[in-house]
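Undergrad: This is the structure I want to talk about, given as structure tokens.
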Amino acid sequence: VQLQASGGGLVQAGGSLRLSCTASAGIFNLMGWYRQAPGKQRELVARVESSGNTVYVNSVKGRFTISRDNAKNTVNLQMNSLKSEDTAVYFCNARDRFGVDFWGQGTEVTVSS
């Protein structure tokens, strides 16, 4: 299984970016996005269950929206009102019904103030 992420880049504070990730195969209970800023631990940003239920870290609530297309094995993260503290490498994650995690290669998001 390979996860291919895209959509990162450089944006000014207040701007928007959309991240996308497609899994090459598999059926996943959870799909989501994590991020890791320099010198910090990787943290969950948002995840979505196959049922559509979502979870967000408090710092992005109201600004980010996660969605998935089960038929296409795709998960997207719409990021609005970006802040400098959102700067990080973002990793796509997918977890199958056995609890096995798969990771994308990471895409860099830089927000300039």
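Undergrad: I'd like the Karplus ³J(HN,Hα) series for the stretch 86-94: coefficients 6.51, -1.76, 1.60, θ = phi - 60°, whole numbers in Hz, and an x wherever there's a Gly or Pro.
TA: Ordered by residue, 3J(HN,Hα) equals 7, 4, 4, 8, 9, 10, 7, 9, 9 Hz.
Undergrad: Ignoring ligands, DNA and RNA, what accessible area per residue does the chain give at 1.4 Å, in Å²?
TA: 53 Å²
Undergrad: Is there a quick way to get the dipole size of the chain? I mean about its Cα centre, with the Cβ of Lys and Arg at +1 and of Asp and Glu at -1; what is the value in debye to the nearest 20?
TA: 140 debye
Undergrad: Give the lysines reachable from residue 61 as a straight Cα distance under 18 Å; neighbours fewer than 8 places away on the same chain don't count.
TA: Of all the lysines, those that pass the test against residue 61 - Cα under 18 Å, at least 8 places apart if same chain - are 83.
Undergrad: Mind running the shape call on the stretch 1-44? Use the C-alpha gyration tensor, a ≥ b ≥ c as the square roots of the eigenvalues: rounded below 1.5 for a/c, prolate if a/b tops b/c, oblate otherwise.
TA: oblate
Undergrad: So which chymotrypsin sites (Phe, Trp or Tyr not before Pro) in the stretch 10-113 are both in a DSSP loop and have at most 15 other Cβ atoms within 10 Å of their Cβ?
TA: Hits after loop and neighbour filter: 98.
Undergrad: Going by amide H atoms built from the backbone, whose H comes under 5 Å of the H on residue 64, apart from near neighbours?
TA: 80
Undergrad: Let me ask something else about it. Would you mind finding the longest exposed-site-free stretch of the chain, with exposed trypsin sites (Lys or Arg not before Pro) meaning DSSP loop and at most 12 other Cβ atoms within 10 Å?
TA: After excluding every exposed loop site, the longest remaining stretch is 1-39.
Undergrad: When all protein chains stay in place, what accessible area (Å², nearest 10, 1.4 Å probe) is found for residue 84?
TA: Accessible area of residue 84: about 60 Å².
The values are calculated or read from the model by the stated rules, or taken from the named source; none is laboratory data. All values derive from a computational prediction rather than experimental measurement. Note that each Cβ is placed from the backbone with ideal geometry, even for glycine, and that neighbours are counted across all protein chains shown. Note: accessible area is taken over every heavy atom of the protein model, side chains too, but ligands, DNA and RNA are not part of it. Shrake-Rupley method; radii C 1.70, N 1.55, O 1.52, S 1.80 Å.
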